[in-house]
Amino acid sequence: MRLGVPKEIYAGERRVAATPESVKKLRGMGLDVVIERGAGTGSGYTDEAYEAAGATMADVQSVWGESDLVIKVRPPSHPEVAKINTGAMLVSLLQPERDEALPALLAARKVSAIALERIPRVTRAQKMDVLSSMANLAGYRAVLEAAHHYQGFFGPQVTAAGTMPPARVLVIGAGVAGLAAVAAARALGAEVRAFDTRKATKEQVESLGAAFLTVEVEEDGEGGGGYAKEMSPAFIAAEMALFRAQAAEVDVIVTTALVPGKKAPILVKEEAVVAMKRGSVVVDLAAEQGGNCELCVPGDIVERHGVTIVGVTDLASRMGASASRLFANNVVHLLAEIVDGAKLHVDLEDDVIRPALVTHAGEVLPRPPPKAVAPPARASTRPRVPPAPEAKPAQKDIRSPTRRAWGTTVGGMGVIVALFVAGRFAPSDLLQHSTVFILACFVGWQVIWSVTAALHTPLMSVTNAISGIIIIGGMLQVSSTLDAASVLGALAALFAAINIAGGFLVTERMLRMFRREPSTGASTAEKGHRR
Ligand code: NAD
């Protein structure tokens, strides 16, 4: 089966959907990879490097018209769709909401089109999440752009000629891009403060050494699946007042606030820009969706009231080599789910593939309903920069008090009934053992079910320790005679050993997510600051 990679034609786009490294992996899946000549030039990948990796170089007509599967970065233009092989599959960013005619054009050519931006943000799909990969790069690059336009040091300086305080950076929106910006600005030595409507981001911001700002209005922006919801006018007014006050203090503002499917909220009004010191910088990462800064000109860098406002929309593309590498890796992971023995297999029941599938078998597919919205949590109070962050205590909250009370009552009654029955009919030995057994079941059940999912890894260490005790107990019961105690003891030791081995395997898998990958320099968890 033939996979084609065209050169991106969008003005200024440097990225490419496959790198020589990813070509090797695609070839390993049994695909014949055909790359348009010069496709990797913007990212520094030569045609020779692709050929050495096993790809064939071809012209644009051949790449589009003779491939069973086409992968690319930007949504295809209408002339590009006209070139695609009928019945082929297309994997790309599609953004049909920006080009409403696109799905019908793709369906007319019977293309199965997968929109990479619609891959749901579930744990299984993290490795395919191009939005997170690109947002991470954009957040990092935003700080470099700010440093480039800012006429001072980011970090504090102590020199013979005098001392300089660190630059003060405000990051609005602490999603993937915002957190990357916080980390980059902190790494350069700046004093950073950040704001987000989602309460969950507070801990993430503080763990990067930045201060988390709050407003007095009580409202949490969690809209489900890690995404934000649109905030009430009262909340937006409160945040704008906060940013207006902050503008007078800070040297750099990086804005990243977005609500999926909506125009970016205006959060930095002209009066806030006027309040900034001359020479300050605003980098608006939301420029492509209209911008968070009222004076932002999408795609351009302008100076207003002595402040440089950077509204460029190609921040990830400016890091072409790294961006292409991460993008290509994400695509390889996605294709691993679709390519089955050099054949394409689209599973319409798959909860990662189906939401991303925009057209299939000549039809424009309806978008599946979004996941249930998480219940809102309470937000915090009063505009302020809190004191330096401190280590947070481990999360204690477990289940609702009503469920807990029910669990306790039912469990308690069970114990009493069991003891009563055992006490009447069974020998005293059995009564004693049954008491211990029933209490152990009850305590174990409470421990496992009451612990929040986030704490299951540390819980596994505890259960492993308990399993160790069970193994010793089981071994003590095993004797040379084949009686019930021996068999039960052996079974207990066996199940406890399985539990321990499984615990180690799962823990190892979790730890791997946080380990730095030599190839990317980032841990899986870092890539998207996942939940
Ligand atoms: P995004 O680019 O859509 O939004 C950026 C940020 O802007 C969000 O944090 C949002 O809360 C914030 N925002 C929206 N309106 C705002 C306002 N009025 N004022 C201030 N901030 C506002 O989101 P994103 O960065 O792509 O992702 C958001 C979150 O999704 C991540 O932080 C992460 O928790 C989650 N996520 C999960 C996975 C996963 O696989 N589970 C993958 C990626 C991201």
Item to complete: Specify, per residue and in Å³, the volume enclosed by the convex hull of the alpha carbon atoms belonging to segment 254-355.
Response: 115
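Run through every distinct alpha carbon pair of segment 413-513 and return the Kirkwood hydrodynamic radius in angstroms, one decimal place.
Values: mean 1/r = 0.0646 Å⁻¹.
That comes to 15.5 Å for segment 413-513.
For the chain, what is the mean residue ellipticity at 222 nm derived from helices alone (per DSSP H run of n ≥ 4: -39500 (n - 2.57); sum divided by total residues; nearest 500 deg cm²/dmol)? Don't skip to the answer; put the middle values down first.
Working: 17 runs with 223 residues, N = 531.
Computed ellipticity for the chain at 222 nm equals -13500 deg cm²/dmol.
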Worksheet item: How much accessible surface area, in Å² rounded to 10, belongs to the heavy atoms of Glu270 with a 1.4 Å probe?
Response: 80
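So how do 352-359, 190-197 stack up, highest first, on mean other-Cβ count within 10 Å?
Details: 352-359: 20.6, 190-197: 25.0.
Per-residue Cβ counts within 10 Å, averaged per peptide and sorted highest first, yield 190-197, 352-359.
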Worksheet item: Roughly how large, in nm² to one decimal, is the mean projection of the convex hull of the alpha-carbon atoms in the chain?
Response: 33.2
Worksheet, complete the sentence: Per-residue accessible area, 1.4 Å probe, largest first, puts Asp99, Asp284 in the order Asp99, Asp284
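Send over the per residue convex hull volume for segment 85-242, Cα only, as a whole number of Å³. Write down the numbers at each step before the final one.
Details: hull volume 26.3 nm³, N = 158.
That works out to 167 Å³ per residue.
Pairs of Cα atoms under 8 Å, at least six residues apart: use those to get the relative contact order of the chain, whole percent.
On the way: 979 pairs, mean separation 77.0, N = 531.
Over the chain, the number comes to 15 percent.
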Worksheet item: How large is log10 I(q)/I(0) at q = 0.21, 0.29 Å⁻¹ when the Debye formula is applied to the Cα atoms of segment 184-229, each weighted equally and without solvent?
Response: -0.73, -1.04
Worksheet, complete the sentence: Spelling it out for Val70: with amide H atoms placed in the peptide plane at 1.01 Å from N, the residues 5 or more places away or on another chain with amide H under 5 Å from its amide H are Gly4, Met89, Leu90, Val91
Fill in: Backbone N within segment 193-208 under 17 Å of label point (7 Å from Ala245 Cα along the Cβ vector)
193-197
Worksheet item: What residues from segment 190-217 fall in the zone where the backbone N is under 19 Å from a label point 7 Å along the Cα-to-C-beta line of Lys277?
Response: 190-194, 211
Item to complete: Along each of the three principal axes of the Cα atoms of segment 150-313, give the extent in whole Å, ordering the values from largest to smallest.
Response: 53, 33, 28
Item to complete: With the Cα gyration tensor of segment 1-124 in hand, convert its eigenvalues to equivalent ellipsoid semi-axes via √(5λ) and list them largest first in whole Å.
Response: 22, 16, 15
Fill in: Calculated over segment 302-359: convex hull of Cα atoms, volume per residue (Å³)
137
Worksheet item: Mind ordering 128-136, 460-468, 58-66 by average Cβ neighbours within 10 Å, highest first?
Response: 128-136, 58-66, 460-468
Item to complete: Using 0.36 nm per residue of separation minus the Cα-Cα distance, give me the extension gain between Ile472 and Ala237 in nm, one decimal.
Response: 78.2 nm
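Using the beta-carbon distance between Thr46 and His333 and R0 = 30 Å, what value does 1/(1 + (r/R0)^6) give for FRET efficiency, to the nearest 0.05? Display every interim value, and only then the final one.
Details: r = 25 Å, r/R0 = 0.83.
Approximately 0.75, to the nearest 0.05.
Restricting the count to DSSP beta bridges whose residues both fall in the chain, what percent are antiparallel, rounded to a multiple of 5? Walk me through the intermediate numbers first.
Working: 14 of 49 bridges.
Once the DSSP bridges in the chain are tallied, antiparallel ones form about 30 percent.
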Worksheet, complete the sentence: Plugging the Cβ-Cβ distance of Val506 and His433 into 1/(1 + (r/R0)^6) at R0 = 41 Å yields, to the nearest 0.05, a FRET efficiency of 0.85
Worksheet item: Under the Karplus relation 6.51 cos²θ - 1.76 cosθ + 1.60, θ = phi - 60°, what is the ordered set of whole-Hz ³J(HN,Hα) values for segment 44-59, x standing for Gly and Pro?
Response: x, 9, 7, 4, 5, 5, 5, 4, 5, 7, x, 8, 10, 8, 8, 8
Worksheet item: Rounded to the nearest 0.05, what FRET efficiency do Glu349 and Glu21 have when you use their Cβ-Cβ distance and R0 = 41 Å?
Response: 0.80
Item to complete: Could you check the simple spin-label distance between Thr409 and Glu230, using points 7 Å along Cα→Cβ, in nm with one decimal?
Response: 4.4
Fill in: Whole-Hz couplings from phi, Karplus 6.51/-1.76/1.60, listed for segment 439-450; x for Gly and Pro
5, 5, 4, 5, 5, x, 4, 4, 5, 5, 6, 8
Practice prompt. Any cysteines in the chain with zero other Cys Cβ atoms under 4.7 Å from their Cβ? List them, or say none.
Written response: Cys441
Discussion item. Between Arg424 and His305, what is 0.36 nm times their sequence separation minus the Cα-Cα distance? Round to one decimal in nm.
Written reply: 33.9 nm
Item to complete: Please work out how much length the chain gains when fully extended from Thr481 to Ala82, using 0.36 nm per residue of separation minus the C-alpha to C-alpha distance, in nm with one decimal.
Response: 135.7 nm
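The values are calculated or read from the model by the stated rules, or taken from the named source; none is laboratory data. All values derive from a computational prediction rather than experimental measurement. Cβ coordinates were reconstructed from backbone atoms using ideal geometry, including for glycine residues, and neighbour counts include every protein chain displayed. SASA here: full protein model, heavy atoms, side chains in, ligands and nucleic acids out. Shrake-Rupley method; radii C 1.70, N 1.55, O 1.52, S 1.80 Å.
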